[in-house]
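Engineer: One structure follows; several queries about it will come next.
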Amino acid sequence: MNGSPPELEQEKERLLKASERRFEKVVGLSFALSFLATIGLGVVYWQGGQAQLEGALLFVALGGLGFGIVSWGKCLVPQGPYVQDREELKSPESEREAFVESFERGADLIQRRSFLAKLLGASVAAFGVITLFPFIRSLGPQPKKMLYVTNWKKGSLLVKVDGTKVHSSDLEVGGVLTVFPQGHAGGAISQTILIRPSFEDIVTKPGRETWGPQGYLAYSKVCTHAGCPVGLYQELTQQLLCPCHQSLFDVMTGATPVFGPAPRPLPQLPLEIDSNGFLRAQAGYDEPIGPGFWERA
Ligand code: FES
């Protein structure tokens, strides 16, 4: 104890409390600012983003948090150092009273600052949630059933990429053409390779007796390995080649893979020729097209 008069001690105490309250306001303001900037950051990002504004808001959000935490630690937490004499095992009465007073004051401070703690928690939680947005958004739209269905259906006319219909006289033996269902020319999921290995009907597998009229066969062009377009037809070996990893598919046996990493055949589109000689699909594909992992989804 320094022996100061009680009035002086009271004045010092009053000034100390006033200073603490000022710092509490500053810290609270920092956290509130950080919270609002984080919410603003989320809104700007959600509405399409604006790099400079996002940068400024991120600066305020992180700066507010950092400034608040540092100020709290430096100005509102008792700084010490605290020294206790080893020799004195029993504290004098005056020290015990001072301790009780200090303890009660500490409890009061803890209660008052629980608001600051909540504000800090809200700022950190909001920042955590808002910074998740880019990760969630970068996943893109859900594919839903898009991976399982194409635009081919019963009666779909086969058309070329320019939309013109495919006639049964269009291809010679050995000819090959990329086709789409009418109304969806150029569609990536429905792209199909039409091949004519013969003028005679072709049966590629049991149960597909009517699928290859007049030597026309149609297979999904989306490789079952990693989805590259299978576009190279080798007439001599009657095989389709995927240029990405060199998978080979035997067109006469239902596009069964005979070489390379493709794990399953290319799905076959059942064909028919209508009364005007145009090629149509008897039905859509009877299995998912493309890479095998789609089947496991
Ligand atoms: S994508 Fe066709 S072999 Fe890999």
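The values are calculated or read from the model by the stated rules, or taken from the named source; none is laboratory data. Computed from a predicted structure; not experimentally measured. Counting neighbours? That spans all protein chains shown, and the Cβs are built from the backbone with ideal geometry, glycine included.
Engineer: Return the pairs, sorted by first residue and then second, in which the second residue is charged (D, E, K, R), the first residue lies in the range 278-297 and is modelled with pLDDT under 85, the beta carbons are less than 9 Å apart, and the residues are 6+ apart or on different chains.
Structural biologist: Cβ pairs passing all conditions: 292/264; 295/264; 295/287.
Engineer: Determine, yes or no, whether residue 171 is surrounded by 17 or more Cβ atoms within 10 Å (Cβ to Cβ), away from the ligand (no atom under 16 Å from the Cβ), more than 13 Å from residue 268 (Cα to Cα) and not acidic (Asp, Glu).
Structural biologist: Criteria met by residue 171.
Engineer: Taking the condition within 14 Å of the ligand (Cβ to nearest atom), more than 22 Å from residue 181 (Cβ to Cβ) and of a type in the set (Ser, Thr, Tyr), does residue 247 pass? Walk me through it before giving the result.
Structural biologist: On the way: within 14 Å of the ligand (Cβ to nearest atom): yes; more than 22 Å from residue 181 (Cβ to Cβ): yes; of a type in the set (Ser, Thr, Tyr): yes.
In short, yes.
Engineer: Looking only at strands (runs of 3 or more DSSP E) that fall completely inside the range 185-235, which ones have 2 or more residues that are within 15 Å of the ligand (Cβ to nearest atom) and under 38 Å from the mean Cα position of the chain (by Cα)?
Structural biologist: Because the criterion is at least 2 residues that are within 15 Å of the ligand (Cβ to nearest atom) and under 38 Å from the mean Cα position of the chain (by Cα), the strands (runs of 3 or more DSSP E) in the range 185-235 that meet it are 217-220, 232-234.
Engineer: Test residue 240 against the stated conditions and say whether it is in the same structural domain as residue 163 (by TED's automatic domain parsing), farther than 21 Å from residue 209 by Cβ and modelled with pLDDT of 95 or more.
Structural biologist: So residue 240 passes the test.
Yes/no per residue for (1) outside any loop (DSSP other than H, G, I, E, B); (2) β-branched (Val, Ile, Thr); (3) in contact with a strand residue (DSSP E or B) (Cβ under 9 Å, 6 or more places away or on another chain):
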| position | (1), (2), (3) |
| --- | --- |
| 127 | yes, no, no |
| 152 | no, no, yes |
| 161 | no, yes, yes |
| 180 | yes, no, yes |
